[in-house]
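The values are calculated or read from the model by the stated rules, or taken from the named source; none is laboratory data. Here the structure is a predicted model, which means the values were calculated and not measured. Virtual Cβ from ideal backbone geometry, glycine too; neighbours counted across all protein chains shown.
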Amino acid sequence: MVTDSTPAPGTRRGDLSPGDVPVPPVPPVAPVLGASEKTLLVLEAAMAHGRFTDVVEATGLAKATTHRILATLIDRQFVSLAADGTYLPGPKILSLAGQAMARIDIAAIAQPFVDELVERTHCTVHVGAKNGDEIVYLVRADSDKPYLMPSRVGLAIPLHTSGIGKAVLSGFTDQGLERFVERVGLPRRTPHTITTLEELRAEVAEIRRLGYAMDREENVPGVACVAAPIRDTTHSITYGLSISTLTLEHSIDQIEAMAPLAVEAAERISAALGHTG
């Protein structure tokens, strides 16, 4: 078979000009990583895997290089070395994460998910953020019902009296719950409000088990909701989402039946905020 690189009949290969000689393909060269790229690779692997051998395997870097980069990251407080030899986020990276979260517009991120949930449930949907010992509504979207819920953006509600607030409290430690009760005293808003530490502990345990919280007319008589926690990149629960309605229209059981929708929407917002797992 004659190809472009085959000499013409009667032509010796030595008679070919240099431009006529076929050039063999050059094998691909692995990209050379710069120092900054290697550092970012090691940092990402350390946060994902935790142990030195896993970091080496994940990055493909030499052990000496990996060890040197990790030592620098520890020295600069981007990484911490735990007693069991695993690598954890250091103070500097946690601070940066907090600064990044502070600049995120949670309302803008949550709005499309909230609007979709209103269409699916025909109920009012809120997103709130923890502010001290209260929840402040950041987003409120109403359904096409002929009535409006007694809430507004900017309204502050005690954590222990609202569905979103109790979802946030589910992320507190036992000591954190005790300190919260010592500060606020659990004032009663309705006959259904939780007013003792024992009740609050039991409620929080149930929320952790189920993955959602209920407000059974605990803040406003005749108003109930189901709420789910929203987590950020630090896995903290600082936000929550609720589906709210009047008990004249929906029974408590009917409201609780919407819990999977609340949890799904909250998880999607969490993912949009960068939460994984």
- Note: among 43, 16, just one is surrounded by 11 or more Cβ atoms within 10 Å (Cβ to Cβ), at pLDDT below 90 and not hydroxyl-bearing (Ser, Thr, Tyr), namely 16
- Go through region 248-277 and give me each residue that's at pLDDT below 95 and in contact with a Gly (Cβ under 9 Å, 6 or more places away or on another chain). 248
- Message: Looking for something under 28 Å from the mean Cα position of the chain (by Cα), at pLDDT below 95 and of a type in the set (Gly, Ala, Ser) - is there at least one such residue anywhere in region 224-239?
- Response: yes
- Task: Please enumerate the residues belonging to region 82-108 that are surrounded by 16 or more Cβ atoms within 10 Å (Cβ to Cβ), outside any loop (DSSP other than H, G, I, E, B) and at pLDDT 85 or above.
- Result: 87, 89, 106
- Note on the structure: Subset of region 235-260, residues surrounded by 20 or more Cβ atoms within 10 Å (Cβ to Cβ) and in a helix (DSSP H, G or I), comes to 255
- Message: Out of the residues in region 261-277 meeting the condition of being under 12 Å from the mean Cα position of the chain (by Cα) and of a type in the set (Gly, Ala, Ser), tell me which one is surrounded by the fewest Cβ atoms within 10 Å (Cβ to Cβ).
- Response: 277
